[in-house]
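Here's the structure, in structure tokens; my notes come after.
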Amino acid sequence: MDKLYIKSQIAMRQAEFPTDLKKRENMLPVNEGKIVTIPGVRRCGKTSRMEVVVNELLSSGVARERFLWISFDDERLVRMAADELNQIIEAYREMYPDIDISSVYMFFDEIQLIDGWEYFVMRLYKHYSKNIYISGSNATMLSSELKSALRGWPQEEETLPLSFREYCDFKGIKTDGWLEADMARLRNAFVAYNSEGGFPEVVLTENPLHRAKILQTYFDTMLLKDLVEHYRLSNIEVLRYYLKRIMANLTKPTSIRAIHGDIKSRGLKVSKDNLYDWANYACDIFMFIRISNYSKSLQKIESSQPKYYCIDNGLRDAVLLPQSDDNGKKLENTVFLQLYRQRSPVDRIFYYQGKGECDFVVQRGVEIDRLIQVTWDMSDDETRRREINGIAEAAEVTACRNLYIITADTTEQIELDNGMVINVIPAWRWLLDI
């Protein structure tokens, strides 16, 4: 690798700051002596979160020369071998020989593209700087191997597309107003958010056709670069169809065996083992997040058919095209993403399926913390009965009494014969916690 090119990349990034960016709800930690890892799906705002850190440090008086930023999503840098990474430090020191390297803030974007990168980062942390930020769009950023290599020093800051509160902020919509007009704007904003999703670039794009093209490009990049290229997969069209099948099955347990039978019936060849691997890879790149059926038996949990939730409703719509019955599915996906976004380190999220169904069982430590049912509308008697019976059955099985039904726009308290109370909450209020 030519060190002159590395120097030009460092200098170019330094010249670009400060950038004009919206802040997210949570700021990345600064000056805490940790390696901060920022995993998440492509284009969800990982780089922007790091840029906000630079903006804040610049405003506090840190000189721009003390920022070392390298993006490995670059056709020349991505070809670097692990043993060449030290050239980055050599290049920086040649540029700024008088700067104490321990005072430098180091940012490495999409570093997972370089095999063996974690040992380079560990060496930097031990011998050079305690201010290191690394981002990546593969779940290897969260792997046990990484934690072992970095000896427990990383602080993980997983990033998702925008929350509803962040979406409103990006759109300039007040979330703290109490006038009826403010409430109406929030209701309308929620309906749009539930369909458009929360990729920042998409949220800031006004033209619906342009939004769809951007999202289709995201999907193609995930498919071709993150899956096909990274995992060296062939059979691209079968893979594309398979991902669409999982997306279409949103909110329902997914049988990979059944999908395999469907693919075979179309005259296409792929093994079941490949399909299981592909599902794991799609979760690794954060296209999907998988949950299991709740049980007190670990064996039953592990053997249950999983549900796959999509990382963004807009992405799913752009791939499948909107369906007439999708509002409820997308609402359930929105609620899941918020639960996942807000989970604590000891939280686990399940679904419950017995005689009836309950969409989410939130376990905190060894206790069941909440049961959540999701439905777009409860005005139909059969729907109302099904949702109430499902959550009531889950409450009896789990002994949980913290019960919620989240709807598009209904507020109610339902008291059952056994004294349990179900709180019915509009999604837009629940998402904002108001």
Scanning the range 306-329 for residues that are free of Cβ contacts under 8 Å to residues at least 60 places away in the same chain and assigned to a loop (DSSP other than H, G, I, E, B), which turns out nearest to the chain's Cα centre (by Cα)? 306
Suppose we keep only residues that are without any contact (Cβ under 8 Å) to a residue 60 or more places away in the chain and closer than 28 Å to residue 326 by Cβ within the range 172-190. Which one would you say is surrounded by the fewest Cβ atoms within 10 Å (Cβ to Cβ)? 172
Check whether at least one residue in the range 140-159 is at pLDDT 95 or above and among the aliphatic types (A, V, I, L, M), and report yes or no. no
Of the listed residues (277, 284), the one being under 30 Å from residue 136 (Cβ atoms) and crowded, with 17+ Cβ neighbours inside 10 Å is 284
So which residues in the range 241-262 are surrounded by fewer than 18 Cβ atoms within 10 Å (Cβ to Cβ) and part of a loop (DSSP other than H, G, I, E, B)? 249, 252, 255
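Which of the residues that make up the range 126-139 are of a type in the set (S, T, N, Q), closer than 23 Å to residue 230 by Cα and crowded, with 24+ Cβ neighbours inside 10 Å?
Result: 135, 137.
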Out of the helices (runs of 4 or more DSSP H) lying entirely within the range 130-240, which hold 3 or more residues that are over 25 Å from residue 339 (Cβ atoms)? 144-149, 180-196, 208-221
Tell me yes or no: at least one residue of the range 292-304 is more than 30 Å from residue 370 (Cβ to Cβ) and either of a type in the set (D, E, K, R) or without any contact (Cβ under 8 Å) to a residue 12 or more places away in the chain (or both). no
Please name all residue pairs, on different chains or six or more residues apart, with Cβ atoms under 6 Å, provided the first residue is in the range 359-374 and is among the polar types (S, T, N, Q) and the second residue is part of a strand (DSSP E or B). 363/348; 373/358; 373/359; 373/405
Restricting the search to the range 406-424, which residues are within 17 Å of residue 385 (Cα to Cα), among the hydrophobic types (A, V, I, L, M, F, W, C) and modelled with pLDDT of 95 or more? 406, 414, 421, 422, 424
I'd like to check which helices (runs of 4 or more DSSP H) are fully inside the range 1-115 and have at least 2 residues that are under 27 Å from residue 200 (Cα atoms) and within 29 Å of the chain's Cα centre (by Cα). 3-16, 46-59
Have a look at 335, 270 and point out the one that is among the aliphatic types (A, V, I, L, M) and more than 17 Å from the chain's Cα centre (by Cα). 270
Checking 123, 66, 76 in turn, the sole residue that is loosely packed, with under 15 Cβ neighbours inside 10 Å and in contact with a Phe, Trp or Tyr (Cβ under 7 Å, 6 or more places away or on another chain) turns out to be 76
Given (1) surrounded by 13 or more Cβ atoms within 10 Å (Cβ to Cβ); (2) without any contact (Cβ under 8 Å) to a residue 24 or more places away in the chain; (3) among the basic types (Lys, Arg), number of the condition residue 385 does not satisfy: (1)
Could you check the range 352-363 and list, in sequence order, the residues that are out of contact with any Cys (no Cβ under 7 Å at 6 or more places or on another chain) and surrounded by 14 or more Cβ atoms within 10 Å (Cβ to Cβ)? 353, 354, 356, 357, 358, 359, 360, 361, 362, 363
Please determine, by comparing only the residues of the range 406-428 that are of a type in the set (A, V, I, L, M) and more than 28 Å from the chain's Cα centre (by Cα), which one is surrounded by the fewest Cβ atoms within 10 Å (Cβ to Cβ). 421
Condition check: at positive phi and either among the hydrophobic types (A, V, I, L, M, F, W, C) or over 16 Å from the mean Cα position of the chain (by Cα) (or both). Does residue 365 satisfy that? yes
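The values are calculated or read from the model by the stated rules, or taken from the named source; none is laboratory data. Predicted, not measured: the structure shown is a model, and the values here were computed from it. Using ideal geometry, Cβ is built from the backbone for each residue, glycine included, and neighbour counts are taken over all protein chains shown.
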